[in-house]
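The values are calculated or read from the model by the stated rules, or taken from the named source; none is laboratory data. Computed from a predicted model, the values in this text were never measured in an experiment. Quick reminder, even Gly has a Cβ in these numbers, built from the backbone with ideal geometry, and neighbours come from all protein chains shown.
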Amino acid sequence: MRLAAQAKGGFYPTPPRVIDLVAQLLYGARGRPRSADTLRVLDPCCGAGDALAQFADLVRDRSTVPVETCGVELHRDRAEQAAIVLDRTLACDLFATSIANNAFSVLVLNPPYDWDKEDKRVEHAFLTHTTRYLTDGGLLLFIVPKQRLAVSARYLSSHYRDLRCWAFPNPEREVFDQVVLVGRRKGEPSPDPYAEQQVREWSFGEPEEFSYRPYPVYDPPVVPAGDILFATRTVDPLAAVAEARRTGLWASQEVRDSLWPADDRRTRPLMPLRRGHLAMLVAAGFLDNLVLEADGQRILVKGRTTKEMVLAEETENTEVYRERLKTTVVALDLDGGEITDIAA
């Protein structure tokens with residue numbers, strides 16, 4: 001991959017016109033009552049989510065069941081943008097996720113165009129890893145440079161049926177000579193030498209061209225609605241903080257009211273505080289940088305508790321020292337600047 005492409009993380013979003021043409025290849029999904037089914041679409045390299053959101057909107061117009069969008073994006077800034085337009089988004093490496101198998105109706109796969117550390121094509125690695133997420137009969141939309149089809153020809157022909165391939169229209173095709181291969185996942189993998197040869201011919205020949213208004217070819221299957229496994233296998237500290245703020249313990253109004261009642265008032269102790277009381281307050285941090293006001297005077301209270309070693313026993317040959325907590329509380333007159341030792 002060239003340096004410019006590496007800087008972008010191999011990110012080359014699918015052009016909007018191509019998304020529009022691909023979406024027109026699909027019939028609308030029709031299923032049982034809306035509460036029972038959904039058309040769930042996965043984009044494991046979703047970028048900012050614009051392509052998947054556009055695709056879902058176009059399919060949604062022709063479907064009688066809800067369309068749910070899920071995306072995975074390694075680049076954090078793009079993942080944050082995708083989270084705004086998609087139903088569910090993971091900001092992480094696809095290969096560090098836990099995603100339910102057989103849970104998706106459509107897989108929109110536009111992977112990075114590159115070699116991995118073992119000199120193997122990244123496009124093929126994404127294909128073999130994500131096929132498991134499609135339900136039986138689920139649709140693959142594989143968007144890659146044309147010549148890369150040959151690398152995956154045997155796998156595609158063994159795991160998918162009803163394969164067809166369309167070339168990007170110009171001028172979108174000029175950069176990478178990309179194609180869109182569409183297939184339906186087989187229930188059980190089985191070799192198909194004829195289909196394998198066809199994929200290889202597309203790789204070195206000329207696939208179909210999109211007509212101005214493509215006619216529907218595939219009907220996407222529906223899957224059961226409801227929550228599915230869609231999570232990372234690592235803990236993202238920033239995401240964890242955001243989730244805690246959204247659904248954590250502190251998000252409960254009942255908990256907040258219990259800890260900080262709305263009618264909470266300051267109370268005055270019945271008797272003067274002893275040094276032991278002051279030590280506990282200091283150790284708990286209540287008297288650290290506390291500003292007190294009384295009779296028109298303002299003072300800043302600073303307190304701390306430290307440990308010191310005190311000689312407890314002494315003989316001709318030994319000395320025994322023990323730890324002792326030392327509490328220090330001082331007050332600064334904010335008006336006059338006088339410092340007063342309250343406890344030491």
Among the residues of the stretch 80-96, write down those that are farther than 13 Å from ALA239 by Cβ and either more than 12 Å from the chain's Cα centre (by Cα) or among the polar types (S, T, N, Q) (or both).
GLN81, VAL85, PHE95
Scanning the stretch 164-175 for residues that are out of contact with any Phe, Trp or Tyr (no Cβ under 9 Å at 6 or more places or on another chain) and not polar (S, T, N, Q) gives PRO171, GLU172, ARG173
Under 6 Å between Cβ atoms, which residue pairs at least 6 apart in sequence (or on different chains) link something in the stretch 240-251 that is modelled with pLDDT of 80 or more with a partner that is of a type in the set (Val, Ile, Thr) and surrounded by 12 or more Cβ atoms within 10 Å (Cβ to Cβ)?
LEU249/VAL255
When residues of the stretch 104-143 are limited to those that are over 18 Å from LEU94 (Cα atoms) and at pLDDT 95 or above, the one surrounded by the fewest Cβ atoms within 10 Å (Cβ to Cβ)
ASP136
Kindly list the number of the only condition in (1) closer than 28 Å to VAL199 by Cβ; (2) free of Cβ contacts under 8 Å to residues at least 40 places away in the same chain that fails for CYS70.
(2)
Of all residues being of a type in the set (Lys, Arg) and touching a strand residue (DSSP E or B) at 6+ places or on another chain (Cβ under 7 Å) in the stretch 267-298, which is modelled with the highest pLDDT? Just the residue, please.
ARG298
Quick check on the stretch 290-308: of everything there that is of a type in the set (Asp, Glu) and free of Cβ contacts under 8 Å to residues at least 12 places away in the same chain, which residue is farthest from VAL330 (Cα to Cα)?
ASP295
Looking at the stretch 72-96 only, could you name the residues that are surrounded by fewer than 18 Cβ atoms within 10 Å (Cβ to Cβ) and in a strand (DSSP E or B)?
ARG88
Of GLU201, GLU206, the only residue that is assigned to a loop (DSSP other than H, G, I, E, B), surrounded by fewer than 19 Cβ atoms within 10 Å (Cβ to Cβ) and either of a type in the set (Val, Ile, Thr) or at negative phi (or both) is GLU206
Exactly one of PRO237, PRO220 is closer than 30 Å to LEU90 by Cα and without any contact (Cβ under 8 Å) to a residue 12 or more places away in the chain, and that residue is PRO237
By residue number, the members of the stretch 227-260 that are of a type outside the set (S, T, N, Q), surrounded by 10 or more Cβ atoms within 10 Å (Cβ to Cβ) and assigned to a loop (DSSP other than H, G, I, E, B) are ILE228, LEU229, ARG233, ASP236, GLY248
Picking from THR38, THR64, THR69, which residue would you name as being at pLDDT 90 or above, outside any helix (DSSP H, G or I), more than 21 Å from the chain's Cα centre (by Cα) and closer than 28 Å to ARG161 by Cβ?
THR38
How many residues of the stretch 144-168 are outside any strand (DSSP E or B) and either in contact with a helix residue (DSSP H, G or I) (Cβ under 7 Å, 6 or more places away or on another chain) or surrounded by 21 or more Cβ atoms within 10 Å (Cβ to Cβ) (or both)? The answer is 14
Of PHE204, PHE176, PHE210, the only residue that is assigned by TED's automatic domain parsing to the domain that holds VAL108 and under 21 Å from PRO112 (Cβ atoms) is PHE176
Residue under evaluation CYS46, criteria (1) in a loop (DSSP other than H, G, I, E, B); (2) modelled with pLDDT under 95, criterion not met
(2)
